[in-house]
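The values are calculated or read from the model by the stated rules, or taken from the named source; none is laboratory data. This is a predicted model, so every value here is computed, not measured. Every residue, glycine as well, gets a Cβ built from its backbone with ideal geometry; the counts of neighbours run over all protein chains shown.
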Amino acid sequence: MTGTIAGRTRGTFERDDTTSSWISTERNLMVRDYRGITPRIGKNVFIAPGAVVLGDVEIGEGTSIWYGTVIRGDRSPIRIGNHSNIQDNCTLHADPSSPLTIGDRSSIGHNAVLHGCTIEDDCLVGISAVVLNDARILKGSIVASGSIVREGQVVGPYHLVAGVPASFKKEVTRAMVRENQEIARTYQDLARQHEGTGGDEES
């Protein structure tokens, strides 16, 4: 059986009925049903080889999911907005009472862990940061690399937090918001390059 994941405009997938998976015929991609729920993938989404997207997951238009990331929607919904990027080796999961939501144009840095939290638009979660259940990272905020945001903690809007546990350090300026948005645009360009649909390959 062949087909396309819902809304996807590039790539051909084959159904592996033994594992309830959609597997790309073009690269080592794994998009899996879970208990009859299939991930919903928007237009122009890039999912890198080695990433796993499972169950009740929705990924918006132009978003990129990078190498080694796991997005496991087996216990609660996971929603990712438009033009965001989930960088290499991230883990996204949620609990039944704590779904996971990421807004538009947000960047989730390499090795970050997001669990049952909300990340609003234009945010940056730094490398190896952890955001725990029911935490809310409000619009335009930054979680510094290596920080841990506690359960139920609210950050922002337009705040930078850092540390273990994460605490307020300073206001995020308009210039910093523009930098965050530029990161999101850069990852859209990188996704096109990695998918081989435009731009020059980096050396």
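Looking only at residues in segment 135-165 that are part of a loop (DSSP other than H, G, I, E, B) and among the hydrophobic types (A, V, I, L, M, F, W, C), which one is surrounded by the fewest Cβ atoms within 10 Å (Cβ to Cβ)? First the steps, then the outcome.
So the first thing to find is which residues in segment 135-165 are part of a loop (DSSP other than H, G, I, E, B), and the list is 135, 138-141, 144-147, 150-153, 156-158, 163-165.
Now restrict to residues that are among the hydrophobic types (A, V, I, L, M, F, W, C): 135, 138, 144, 164.
Working: Ala135: 24, Leu138: 17, Ala144: 17, Val164: 11.
Restricting to residues being part of a loop (DSSP other than H, G, I, E, B) and among the hydrophobic types (A, V, I, L, M, F, W, C), the top hit is Val164.
Can you tell which of Ser84, Ser64 is buried (at least 23 other Cβ atoms within 10 Å of the Cβ), at pLDDT 95 or above and under 19 Å from Val131 (Cα atoms)? Break it down stepwise before answering.
Details: Ser64 fails: under 19 Å from Val131 (Cα atoms).
Result: Ser84 is the single residue among Ser84, Ser64 that is buried (at least 23 other Cβ atoms within 10 Å of the Cβ), at pLDDT 95 or above and under 19 Å from Val131 (Cα atoms).
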On the given criteria, is Ile102 buried (at least 18 other Cβ atoms within 10 Å of the Cβ) and either farther than 30 Å from Ala144 by Cβ or modelled with pLDDT of 90 or more (or both)?
-> yes
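For (1) more than 10 Å from the chain's Cα centre (by Cα); (2) buried (at least 19 other Cβ atoms within 10 Å of the Cβ), each residue gets a yes or a no:
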residue	(1), (2)
Leu92	no, yes
Ser98	yes, yes
Gly116	yes, yes
Ile127	yes, no
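Gly140 - would you say it is modelled with pLDDT of 95 or more and over 27 Å from Asn44 (Cβ atoms)? Quick ask: steps written out before the conclusion?
Working: modelled with pLDDT of 95 or more: yes; over 27 Å from Asn44 (Cβ atoms): no.
Considered against the rule, which asks whether it is modelled with pLDDT of 95 or more and over 27 Å from Asn44 (Cβ atoms), Gly140 comes out as no.
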Could you tell me whether any residue of segment 70-81 is at pLDDT 95 or above, assigned to a loop (DSSP other than H, G, I, E, B) and surrounded by 24 or more Cβ atoms within 10 Å (Cβ to Cβ)?
-> no
